[in-house]
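Structure first, commentary second.
The values are calculated or read from the model by the stated rules, or taken from the named source; none is laboratory data. Just so it is clear, the model here is predicted, and its values are computed rather than measured. Note: ideal-geometry Cβ built from the backbone for every residue, glycine included; neighbour counts use all protein chains shown.
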Amino acid sequence: MNQFGKPFIQLITLMVGLLALATALVGVVGLVIYVSYSGIKLPELSPPDQSTIAAAIEAPAKPKGLMDPVGMWIAPEWSSVDAEPNAESIRYGRELVANTAEYLGPNGKVKKISNGLNCQNCHLQAGTAPLGNNYGAVASTYPKIRARSGQSEDIEKRINDCFERSLNGQGLERNSKEMVAMVDYMHWLGKDVPQGEKPKGVGIYEVPLLDRAADPVKGKTIYEQQCQSCHAADGQGLPKQDGTGYIYPPLWGDHSYNSGAGLYRLSRFAGYVRANMPLGATYENPLISDEDAWDVAAYVNSLERPSRDLSGDWPDISKKPMDHPFGPFSDEFSEEQHKFGPFKPIKEAKAKL
Ligand code: HEC
Ligand code: HEC
């Protein structure tokens, strides 16, 4: 081949290439024209709709377990109670915790000293449920000095606190058969917990604080969607036919806990609900978010309930918890903020002292 042969072949190759490209272009344009006039429907490349986007964004925030179950306190095997010398009293204690109203409610067969709630309504599974306000640390940590009373409290005093506040009633006599039985039950529950120790998973879950105040208006919507089906639109729950308590307990009004009760503090209510409500939720499978728990707490605790004279509580006002909603306070924050938050500034101010 001579020295002009190579460029010549390159030129031909280029022209053939261009021709092929042109043919292909004409083909594509033709096809597009054909398709657009023929009525053939091509799949649409529309953007994903709002719900798909929302689901994708929400996926990582989906509520998951609140605590690793490893090492959590579990109650002793119930059948092992038979081996105890005071087995009968322990069994009666458990029965009183589970069915308080039947024995000590407004129609109680032993005494009529409380409002119809059962201890178990708030201390789930007779005080054994992990993060269900259980009694795992009662035997190991009482008697102890409590800031609310400024005194040393034993288990009897603490039980009567709940009778007088959560059950808006009167306490039991210290040496009554019923009081002895409940104390025996709590000692038995905590028998394997070393003295002074508070095991993992005991009590109530601490819900992370929000950057804003809890919102009763948002909470009302959550209540209507998630709670009302059982606790009822008027918050009065569903009483049992025979008047011995409730199938679904009331959340506000005359038959609910009073303003001195633990659940009247927003953090206690939110923590209880976050890990246990709506019914069926557990700490491993919670059903509502942190925010919803705070907001529904704000809604429920902004409604009417029995009040209690709290003048004897918190003799040292600087020991009041951030969410104790009644002044006077040792800080500058209002009653409103101590009730609904935001709690972070209160906590920070406290930490600085
Ligand atoms: C309306 C809800 C409610 C009811 C009903 C209730 N309690 Fe409580 N109880 C609480 C709350 C809230 C706390 C405080 C939990 C916390 O701050 O971690 C508490 C705390 C306790 C404690 C102390 C636990 C600890 O580890 O320090 C004992 C003991 C107790 N209750 C016993 C009882 C008994 C017995 C009854 C029934 C007569 C009862 N409670 C009924 C809500 C309730
Ligand atoms: C499917 C029915 C059901 C739903 C829905 C439900 N609860 Fe409950 N709730 C119960 C029952 C039953 C108990 C008592 C548990 C027990 O005794 O074992 C209870 C107990 C409670 C208690 C403690 C007892 C009391 O009367 O103070 C609170 C607080 C509470 N629920 C709040 C809520 C909130 C807030 C919601 C919505 C986020 C909710 N519940 C949704 C059935 C329900």
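Kindly indicate which of Ser152, Ser79 is modelled with pLDDT under 95, away from ligand 2 (no atom under 16 Å from the Cβ) and surrounded by fewer than 19 Cβ atoms within 10 Å (Cβ to Cβ).
Every option except Ser152 fails the conditions.
Anything in region 133-153 that is free of Cβ contacts under 8 Å to residues at least 40 places away in the same chain and near ligand 1 (Cβ under 10 Å from one of its atoms)? List them, or say none.
Tyr142, Lys144, Arg146, Glu153
Kindly indicate whether Pro328 is under 19 Å from Gln225 (Cβ atoms), modelled with pLDDT of 95 or more and away from ligand 1 (no atom under 16 Å from the Cβ).
Here the answer is no, as Pro328 does not meet what is asked.
For the condition at pLDDT 65 or above and either among the basic types (Lys, Arg) or out of contact with any helix residue (DSSP H, G or I) (no Cβ under 7 Å at 6 or more places or on another chain) (or both), what is the one hit in Glu102, Glu44?
Selected residue: Glu102, the only one of Glu102, Glu44 that is at pLDDT 65 or above and either among the basic types (Lys, Arg) or out of contact with any helix residue (DSSP H, G or I) (no Cβ under 7 Å at 6 or more places or on another chain) (or both).
One line per residue, one yes/no per condition, for (1) outside the structural domain of Asp295 (by TED's automatic domain parsing); (2) surrounded by 20 or more Cβ atoms within 10 Å (Cβ to Cβ); (3) touching a strand residue (DSSP E or B) at 6+ places or on another chain (Cβ under 9 Å):
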| residue | (1), (2), (3) |
| --- | --- |
| Val180 | yes, no, no |
| Leu189 | yes, yes, no |
| Pro194 | yes, no, no |
| Lys218 | no, no, no |
| Gln228 | no, no, no |
| Asp234 | no, no, no |
| Pro249 | no, yes, yes |
| Ser256 | no, yes, no |
| Ser259 | no, no, no |
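Inside region 264-275, can you point out the residues that are within 11 Å of ligand 2 (Cβ to nearest atom) and touching a helix residue (DSSP H, G or I) at 6+ places or on another chain (Cβ under 6 Å)?
Arg268, Phe269, Ala270, Val273, Arg274
Looking at the structure I just gave you, is Glu291 within 18 Å of the chain's Cα centre (by Cα), under 24 Å from Tyr223 (Cα atoms) and modelled with pLDDT of 95 or more?
yes
So Tyr205 fits all but one of (1) more than 10 Å from ligand 1 (Cβ to nearest atom); (2) crowded, with 19+ Cβ neighbours inside 10 Å; (3) of a type outside the set (Lys, Arg); what number is the exception?
For Tyr205, the failing item is (1).
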